[in-house]
Every structure is written in C-alpha cells, then in structure tokens.
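Input: a single structure, listed below in structure tokens.
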Amino acid sequence: MTITGFTGAGLDRADHLRLDAERLADMMADQGARLLRLAELDPVLDEEGRLAWEPLGGAGGDYIFLGLDAGAPSFAPLVRMQTLGQRAWSVFRLLSMMSDRDAAIWGAARSVNEWHNRHGFCGICGSATDVFRAGWGRKCPNCGGEHFPRVDPVVIMLAEHDGRVLLGRQPQYPEGRYSALAGFVEPGESIEEAVARELMEEAGIAVRDVRYVASQPWPFPGQLMIACIAGAESDAITLDRNELDDAFWASRDDVRAALAGDPAAPFQAPPPFAIANSLLTRWSAGD
Ligand SMILES: [Zn+2]
C-alpha cells in the first residue's frame, strides 16, 4: 500500500493530558520538552533536512501540545499571522525534501495554527476567545462556548472510462499540471453523493460504483482529502469553466509517464505528498 502524504506522524497525541493543567505544566518544565521551529507557518529544516526543534526551556505562553514523541513532550508555537489565506507554493519545494513523518507533524501544527488565527472570536456571541485544551480548542469567557479545530472533508476522485481516467486543470495550477477533480463535501451529503455531484458539476460526467480508496489530511488550511474512484457512464466532457481550465482522459501509459517525470508525458503529475499522486500511482499499477 502506498503511504499517503501528511500521515505517519507517529506521535501519541495524549488527549487525556490536554485538560490536565498540572501534568501539562510538568511536561513544559521537562528537560526533554521540545518546541517546533516555524517561520510564520512554514517548516524550518536543519542541515540534514529534518524538522528543526529547540528546547522549550520552561517558557510561558500559548503552545499547541502536539503529543509525546517516544516520551518527549512536543509542542508547536502558536503563531500570530499577519496575513491569512495565502496558499504557499514555496512551501511545496520544502515538502518535497521532507520525510513523510516530518510532513505529518508539521501539517498538524500548521492546520491548528491556521484555525486559531481564523477563530479568535466566539461564533455564538462574538467575544474574544481563549486558548484551551493545550491548543486543541478555544473557549469563550463570556458565554462558555467551546470551539474545536475544524476539519473540512473534500472528495478527490478519478472517474474511469474504458481504461482511462479523467484529469482536470485548475487555473492556479503550475504550468502543465493536471490532477484528479475535487470538491468540498456539503452538509447533507455522503462521500459517494459528493463525488457524483462534483463530477457532474465540473465535467458533466455521470458516475456509478463510487469506491473509497484512501484519505489524507491537507494542511492548506485544514482539509481531510477523501480519495475515491468511480465508473463513468460516458466520456463526453462538459467543462465548467469557472472551476477548470481544461480536462482530458488519461491512459495508464500517460499516467505512468507523468508519474515518472517523463518530459514527453502529456501532463505534469501532482506532487508526491498530494493524495492525487497516490491515487494515480495505485490506478496506474492496476489497483
Ligand atoms: Zn461566546
């Protein structure tokens, strides 16, 4: 089985310690406690290309307790962002050099940080909220409302027809890049229904037999990507130009060439840490 990106952190998240003020203070005072280094929200790598950590050193302030790494209490700083909502293509270059495990640890720290920056005020009464649960929530001092980091489910899927799969190109993609179509799951929908709706909306493709393949977190800012494959009724594409610049049916040879980085390939594959890459890898291997 291909490992999917941003998974495999291997930390014990130790949820039972998050509300235990005494144990938390002990962990922060621990000689082995460590703090993840971040540049705004981007990862900082050491000379060996691994995530850089520094001793927490008993410092006060708001931290996100990431969990225990072989017993070592591991924290991320709570970063106050100056600007939000920018998708950092520059970070993709760093990610391509990072181990799966480091990407997973950093991804969680990034997602939770971004959520804090977007949710400083209570959604019920509008008062400023405080950090609680060791960084895994915010609480309103006025109405008592508790708010938790959100995860937004997104379906990402290959429609298959006669040995080929449908790939699309969003306007903001790098030159030549094509990927699986994707969209947010809406309230009142199953995963299967969201897959069918998105393929119909974006490409006019009706599907049957939607099957789940794998999932991964995507920390830009906090999606859960749910990868599926579905059988298309026909290969006639009706493109929604608001969503996609282009779409085409790729053969197994096309996909294998793109994944291998062949310059003659008809498209450029999504990066290895994107689940679309895992999905295409599995499909091209006949899975
Ligand atoms: Zn409130």
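The values are calculated or read from the model by the stated rules, or taken from the named source; none is laboratory data. Everything numeric here is computed off the predicted structure, so don't read it as measured data. Cβ sites come from the backbone with ideal geometry, for glycine too, and all protein chains shown count toward neighbours. Note: accessible area is taken over every heavy atom of the protein model, side chains too, but ligands, DNA and RNA are not part of it. Shrake-Rupley method; radii C 1.70, N 1.55, O 1.52, S 1.80 Å.
Taking Cβ atoms as reference points and 10 Å as the exclusive limit, the residues near Val195 contribute a net charge of -2, counting Lys and Arg as +1 and Asp and Glu as -1. In the full protein context, region 203-269 carries 48 Å² of accessible surface per residue, based on a 1.4 Å probe and ignoring ligands, DNA and RNA. Under the simplified labelling scheme, the Gln31-Arg93 pair shows an inter-label distance of 4.1 nm, with each label point 7 Å from Cα along Cα→Cβ. 3J(HN,Hα) along region 256-271: 4, 5, 5, 5, 7, x, 5, x, 7, 5, x, 7, 9, 6, x, x Hz, from the Karplus curve 6.51 cos²θ - 1.76 cosθ + 1.60 with θ = phi - 60°, whole Hz, x for Gly and Pro. With R₀ fixed at 35 Å, the C-beta to C-beta distance from Met200 to Arg150 puts the FRET efficiency at about 0.85. Within the accessible surface of the chain, defined with a 1.4 Å probe on protein heavy atoms only, the carbon and sulfur portion equals 49 percent. Stokes-Einstein diffusion of the chain at 10 °C, 1.306 mPa s viscosity, Kirkwood radius from Cα pairs, rounded to a whole number: 77 µm²/s. Length available on full extension from Arg80 to Ile191: 0.36 nm per residue minus the Cα-Cα distance, which gives 36.5 nm. Were the residues from Asp130 through Leu19 laid out at 0.36 nm apart, the gain over their Cα-Cα distance would be 38.6 nm. Taken over the C-alpha atoms, region 129-254 has Rg and Dmax values of 18.0, 60 angstrom. With every protein chain in place and a 1.4 angstrom probe, the accessible-area ranking of Thr7, Thr129, Thr83, largest first, reads Thr83, Thr7, Thr129. Peptides 157-169, 204-216 ranked from most to least packed, by the mean per-residue count of other Cβ atoms within 10 Å: 157-169, 204-216. The coefficient of translational diffusion for region 123-188, derived via Stokes-Einstein from the alpha carbon Kirkwood radius under 25 °C and 0.890 mPa s, stands at 155 µm²/s. Normalised per residue, the accessible area of region 61-190 is 45 Å², obtained with a 1.4 Å probe and no contribution from ligands, DNA or RNA.
Of all DSSP beta bridges confined to the chain, the antiparallel ones make up roughly 75%. The eigenvalues of the Cα gyration tensor, multiplied by 5 and square-rooted, give region 7-131 an equivalent ellipsoid with semi-axes of 23, 22, 12 Å from largest to smallest.
With contacts taken as Cα pairs under 8 Å at a separation of at least 6 residues, the chain carries a relative contact order of 18 percent.
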